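None of the figures in this text is laboratory data; all of them are computed from the coordinates on show. Computed from a prediction, not measured in an experiment: that's the story for all the values here. FYI the Cβ positions are ideal-geometry reconstructions off the backbone, even for glycines, and counts take in every protein chain you see.
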Amino acid sequence: MIRLNKYIASSGSTSRRKADELIAAGRVTVNGKIVDTVGITIDPERDAVAVDNHPIVVAEAFTYLALNKPVGVVCTRAQIRGEKTVYDLIPNSRGLIIAGRLDKDSEGLVLLTNDGELVNTLTHPKYRHEKEYEVTLSSALDEEALRTMKTGIKMTEGIARFDRMTPVAPSAWRVVIHQGWKRQIRRMFAAVHGHVIRLVRVRLHRLELGDLPTGRWRNVERRDITGRG
């Protein structure tokens, strides 16, 4: 037996959190009957599961791709007129979902996989997985701004702060953070009058960008991401 949300996530179609939302919305059926109770278990050998009348098929093998996203490319599966998406950069990307999005103006490491369980682990805040970024500002921060950054910045989601913040040049920083709010790093620097002119993600948990060229991707192993075999 397996929890329904975990089974749906294992198909690579979505994360476990999103699967819960689909269940609660009445979009999931088990053996043809709508199920809207989160937390139930099913027997994968006997039960037929579908989302929006599309059968769920669990992948026999997982794929993990590391992509160096360029500026101007968006992290979405939706087709937006005039916009290039990360999926346009990867042939045969069907079934792959993004673990940790970057906004259009940011660049660097993006992980795509059909391992929905791993996506949930990497993106759920309770697991506190680190992300590391190189940040370039238009000018250096003053001492008051640095004190504010270390104390924490009040945002609508809560108090935002970096786990580590290391200077690499007068107007450039390497920052590590486990929080993952929308455009958080840009908003944090903006709160102390810092203008971000370049933002590059160089690490996601244990997976590093390395020397992967912009716009290119490579296959990686699960252990490269989790640090475990």
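The table below lists the values:
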{"read-out": "The one condition in (1) surrounded by fewer than 16 Cβ atoms within 10 Å (Cβ to Cβ); (2) in contact (Cβ under 8 Å) with a residue 24 or more places away in the chain; (3) out of contact with any His (no Cβ under 8 Å at 6 or more places or on another chain) that His178 fails to fulfil", "value": "(3)"}
{"read-out": "Hits in region 18-37 (condition: surrounded by fewer than 15 Cβ atoms within 10 Å (Cβ to Cβ) and in contact with a helix residue (DSSP H, G or I) (Cβ under 8 Å, 6 or more places away or on another chain))", "value": "Asp36, Thr37"}
{"read-out": "From the options Leu209, Leu137, residue that is more than 30 Å from Ser15 (Cα to Cα) and in contact with a strand residue (DSSP E or B) (Cβ under 7 Å, 6 or more places away or on another chain)", "value": "Leu137"}
{"read-out": "Residues located in region 88-103, provided they are crowded, with 17+ Cβ neighbours inside 10 Å and in contact with a Cys (Cβ under 9 Å, 6 or more places away or on another chain)", "value": "Ile98, Gly100, Leu102"}
{"read-out": "Entirely in region 149-229, the strands (runs of 3 or more DSSP E) that have 1 or more residues that are touching a Pro at 6+ places or on another chain (Cβ under 9 Å)", "value": "172-177"}
{"read-out": "Hits in region 107-119 - residues which are surrounded by 21 or more Cβ atoms within 10 Å (Cβ to Cβ) and farther than 14 Å from Val202 by Cα", "value": "Leu112, Thr113, Asn114, Asp115, Gly116, Leu118, Val119"}
{"read-out": "Residue, farthest from Tyr127 (Cα to Cα), within region 1-55, restricted to residues that are β-branched (Val, Ile, Thr) and in contact (Cβ under 8 Å) with a residue 60 or more places away in the chain", "value": "Ile8"}
{"read-out": "Residue tally, condition surrounded by 12 or more Cβ atoms within 10 Å (Cβ to Cβ) and either assigned to a strand (DSSP E or B) or small (Gly, Ala, Ser) (or both), over region 55-75", "value": "9"}
{"read-out": "Residue under evaluation Ala78, criteria (1) surrounded by 14 or more Cβ atoms within 10 Å (Cβ to Cβ); (2) of a type in the set (A, V, I, L, M, F, W, C); (3) not in a strand (DSSP E or B), criterion not met", "value": "(1)"}
